[in-house]
1. Per q in 0.17 Å⁻¹, report the Debye log10 I(q)/I(0) for the chain, using one uniform scatterer on each alpha carbon and no solvent.
2. Order of 57, 216, 176 from fewest to most other C-beta atoms within 10 Å?
3. Roughly what % antiparallel, to the nearest 5, for the DSSP beta bridges in the chain?
4. In whole Å and largest first, what semi-axes does the C-alpha gyration tensor of region 30-163 yield when each eigenvalue is scaled by 5 and square-rooted?
5. Quickly estimate the mean residue ellipticity at 222 nm for the chain, helices only: each DSSP H run with n ≥ 4 gives -39500 (n - 2.57), and the total goes over all residues, rounded to 500.
6. If each residue's Cβ is checked for other Cβ atoms within 10 Å, how do 120, 25, 244, 10 rank with the fewest at the top?
7. Among 151, 90, what is the fewest-to-most ranking by other Cβ atoms within 10 Å?
8. In region 15-97, what is the volume of the convex hull around the alpha carbon atoms, normalised per residue and reported in Å³?
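Any read-out appearing in this document is the output of simple, stated calculations on the displayed coordinates, not a laboratory observation. None of the values given here were measured: they were computed from a predicted structure. Here the Cβ is made from the backbone with ideal geometry for all residues, glycine too, and neighbour counts use every protein chain on show.
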Ligand SMILES: C[S@@+](CC[C@H](N)C(=O)[O-])C[C@H]1O[C@@H](n2cnc3c(N)ncnc32)[C@H](O)[C@@H]1O
């Protein structure tokens, strides 16, 4: 492992730290996916044998992580990433018996109603889950009492009329979906479908995201616009929104 990547082995995320940082960097699509997954699990429980939908799994690293760390069976579901590529990654990680790659749009899921014990989504829910009718659609696939857990880029409070310049410069359709925990809380609460257990900012979310971007930059895989934005913001507005809710 290049020595620059040693910064990705941290005590805060003991489970993630057992995975090869090079493998994680090679398959990155957003903030460190395993740190986000481990951060979600500080507020959510998965029991061995559960059927779990990992929605917007990207390169399926989180699906492999959930299966290996929590002994659950995972349907690794994503739109953009080729499921054959994910299948190879899953096989190479020794998780072929517990992780099933599926290509699907989150709005047209090919699953039976009531099938899943839990649904997780890391760094993706903001792409497809902001509609007022989406929670009602998605929770059809969860059985009553099942849990939904989300980590997504977020903003601490709804932007005021004037954005700070570092956000103004980077503002666009993607940042518009970086929404506050309270916003999601309201959206979900008004459905009367779920009991919300957590709607907060992941502790250390912004600083770990920045550490991740800086470290990736050292091996040519950084993303300067977000690194500069997080550096300037210093956790004032930006971070990772964490949501956990149980289906009534
Ligand atoms: C930033 S990537 C994050 C991937 C991965 N979860 C991670 O943390 O590395 C966002 C993912 O959302 C998925 N996505 C976006 N729109 C989607 C949709 N309508 N249905 C399913 N997945 C979608 C994309 O395919 C992409 O892999």
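1. Values returned for q = 0.17 Å⁻¹ are -1.36.
2. 176, 216, 57
3. Rounded to the nearest five, the antiparallel share is 45 percent.
4. 24, 17, 15
5. -8500 deg cm²/dmol
6. Listing 120, 25, 244, 10 from fewest to most nearby Cβ atoms yields 10, 25, 244, 120.
7. 90, 151
8. Once divided by residue count, the hull of region 15-97 is 90 Å³.
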